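Take a look at the structure set out below.
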Amino acid sequence: MDEPRAVVIGSGIGGLTAAVALHRRGWRVTVLERAASLEPVGAGIALAPNAQRALDTIGMGDEIRELAAWQGEGGMRVPGGRWLARTDSAAAARRFGGPLVLLHRAVLVERLVARLPEGAVRTGTAARLLDPGAADGAPAVVGTDAGTIEADLVVGADGIDSAVRGVLFPDHPGPAYAGFTTWRIVVPAPGRPFAPHETWGRGAIWGTQPLGDGRVYAYGAAAAPARGHAPDGEKAELLRRFGDWHDPIPSVIAAADPGQVLRNDVRHLIDPLPAFHRGRTVLVGDGAHAMAPSLGQGGNQAIEDAIVLAHRLPPGGDLGAGTAAYTADRLPRTSAVVRRSARTARLMRLTGPPAVAARNALMSAASRLGPALVLRAFDGIADWQPPRHTYAAPREAKTAPTDAEQ
């Protein structure tokens, strides 16, 4: 029996993980990416233990854990430098079964692509879903400039403004502005050691986190009108907003290349979709459940999606039952994480002095009761367990089909 054909639209973290998992499950996979290359847009990504365990099922978990750079203490501070709450890497690992791993997105993309057959990823290929197909009948159809592709399964991994989602659920309102914008940078490590931290101010936060390659991933977020831009550049905006905060924040901002400061408004799918599938087409990642980054779970949930999807869709199985089971598994969980992320974001956006003081006092009190209480915010998220099936590597890597073979 010929391998069933899966087409993944989009080569972000969720799309590539889905491609690897489906490939190892026995699907013939093609990834279509609009961009001319796979240089990731973004900076760092934090892989929590839930995503690491998901990656275990495709043989990647341990190599990702080896990249962990956080050792010792870290926690939450105020702009003047006082610690609000302290945690440590050992306590997090004990509670959730693994460390938090910060790495550049390019590293994860590179390692995922290495697990796909040569030619499976086609860059410079804009794709659109023409027909989602019928689970018990006609194949799904994807259009490209070179023609059309019929597929047994289409995975929409095309991001927060997913065109695939628009085809499947045209009446859904789509993502809404979450009330704040973010900046991200990757810079050389400052001269003096620092404890990893997230610093909470009035309507703003800043995070400085080490990467395993010796660089630093830093991010800021602030309540701001949508679609704003600094007339003199985003590095200047960071200095205005965070330049008088505690060390090492000013030096980290100073080290940033002005042309490499990324600014993005935060939008989320606070209104959940009715399903993550229709016909032979499914959604993964931000297209299905975009969330505020306040719990650091966007990429982690996309990885979970990918692994569960492959688990539910063995080649030759009942595709309709499998896609329905995928929705049943993922829709309630991701909707809950979207809501929890939004609640945490509301705490960040507080600006009134009494409200900020109450928030900080609560964080400080929780810290005095021990690191475990601080980490409880991630209970039910970081302790997630993937399906217990491990997808063995295919015996022989096959190249992706050419257009003539489609």
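The values are calculated or read from the model by the stated rules, or taken from the named source; none is laboratory data. Please read these numbers as outputs of a predicted model, since none were measured by experiment. Using ideal geometry, Cβ is built from the backbone for each residue, glycine included, and neighbour counts are taken over all protein chains shown. With ligands, DNA and RNA removed, areas are computed over all heavy atoms of the protein, side chains included. Shrake-Rupley method; radii C 1.70, N 1.55, O 1.52, S 1.80 Å.
Tabulated results
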item: Calculated [θ] (222 nm, deg cm²/dmol) that DSSP helices of n ≥ 4 give over the chain, each run adding -39,500 (n - 2.57); result: -10000 deg cm²/dmol
item: Normalised contact order of the chain, rounded percent, pairs of Cα under 8 Å and 6 or more residues apart; result: 25
item: Choice from VAL29, VAL109, VAL154 with maximal GNM fluctuation in the chain (Cα, 10 Å cutoff); result: VAL109
item: Rounded D (µm²/s) - segment 114-205, Kirkwood Rh over Cα pairs, Stokes-Einstein at 10 °C, 1.306 mPa s; result: 88
item: Modelled FRET efficiency - R0 22 Å, ASP383 with LEU362, Cβ distances, 0.05 increments; result: 0.45
item: Heavy-atom accessible surface of the chain: percent carbon and sulfur, 1.4 Å; result: 52
item: Per-q log10 I(q)/I(0), the chain, q = 0.08, 0.13 Å⁻¹ (Debye; single scatterer per alpha-carbon; no solvent); result: -0.43, -1.10
item: For segment 62-164, convex hull volume per residue from C-alpha positions, Å³; result: 207
item: Relative contact order (%) - segment 33-159, alpha-carbon pairs under 8 angstrom, separation at least six; result: 26
item: The chain, accessible area per residue, ligands and nucleic acids excluded (1.4 Å, Å²); result: 42
item: Derived scalar couplings ³J(HN,Hα) [segment 264-277; Karplus, 6.51 cos²θ - 1.76 cosθ + 1.60; whole Hz; x for Gly, Pro]; result: 9, 5, 8, 10, 9, 8, 5, 8, x, 5, x, 6, 10, 8
item: Local electrostatic count, LEU238, Cβ distance below 13 Å [Lys/Arg +1, Asp/Glu -1]; result: 0
item: Over segment 1-105, relative contact order from alpha-carbon pairs under 8 Å, at least 6 apart, %; result: 25
item: Equivalent ellipsoid semi-axes, segment 1-140, via Cα gyration tensor eigenvalues times 5, rooted, Å; result: 36, 17, 14
item: Span from the segment 32-95 Cα centroid across to the segment 174-191 one, whole angstrom; result: 15
